[in-house]
Amino acid sequence: MTENAVDPVAAERLSHSAQIFTSDLSVNEFALLHGAGFEPMDLVMGVSVYHVGWQNTGMRQQQELQVLTEAMYRARFNAMYRMQAEADSLGADGIVGVRLEWRPHGEAAEHIEFIAVGTAVRYAPQPGAYRRPNGQAFSSHLSGQDMVTLLATGHSPVAFVLGNCVYHVAAQGFMQTMKQVGRNTEMPQWTQGNYEARELAMSRMQAEAVRDGASGVVGVRFSVHNYVWGIHTLEFYVDGTAIRKHADAQSITPSYVLPMV
């Protein structure tokens, strides 16, 4: 399967979207988006099962592992690209509620599956009005409630953007370990390594937003995983929804909701 092709089985399912839509929107999200003029078209998804390569590094080396960074990024990119291709084949204006998840695949520890899922939507009053400048459907991980609130501010989503960095934190020496026994003290290689990895991931996410013509990123989320690499090698991952100014802001009046418990 190529990056930009819609799988034939998926294409067959999507061909029936004019008859009946599928969606992972909650009832509240469906109602709010419908009120804002967006109609669900179909559930779109992309998958990439990837073999994560191995990169040698010394235990005392502090550095990014670029081979692993590229592998983890490419696996996510493939899944997102295929989801985007399904939405664009439908003529969708956007993809809402995007989820990008992973799981171990099979028995081999270095095999990882990334899955991208979201609901393709059409803006009924003016199809195409909310597409990206390049004509593609927008993508966003925001909930239906956050999406409607965002639109009221005069902004619209552009793209789900992400950044990552696989980093090896150097193991400290025996004497340094002994000096720390029973003491409160900072571990500088861990502090600096974690800081550098997060900054690299953040800068890459921001670069994607700039590339897509966005003015900012909302709903930013961080996660850290070891995967199969051991405690000294970590991946720092960050994602969010890039947005741009679209229209004049509307007045937003907050309402108070009291749960009945």
Exercise. Taking the structure as given and computing Rg and Dmax of the Cα atoms in Å, which label from (i) 21.4, 70; (ii) 18.6, 60; (iii) 17.9, 54 fits?
Worked result: (i)
For this session: Using a 10 Å Cβ count of at most 16 others and DSSP loop calls, identify the longest part of the chain lacking such trypsin sites (Lys or Arg not before Pro).
Result: 61-182
For this session: Collect residues whose amide H, placed 1.01 Å from N in the peptide plane, falls under 5 Å from the amide H of Met41; neighbours closer than 5 in sequence don't count.
Result: Ala120, Val121, Arg122
Exercise. Among bridges DSSP assigns within the chain, what percent are antiparallel (round to 5)?
Worked result: 95
Exercise. Which loop-located GluC sites (Glu not before Pro) does region 55-153 contain, where loop means any DSSP state but H, G, I, E or B and the Cβ has at most 13 other Cβ atoms within 10 Å?
Worked result: Glu107
Problem set entry | Cβ-derived FRET efficiency at R0 30 Å, Ala5 paired with Thr153, nearest 0.05 | 0.25
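Every number here is computed from the coordinates shown, using simple stated rules; none is lab data. What you see is a predicted model; the values in this text were computed from it and never measured. Virtual Cβ from ideal backbone geometry, glycine too; neighbours counted across all protein chains shown.
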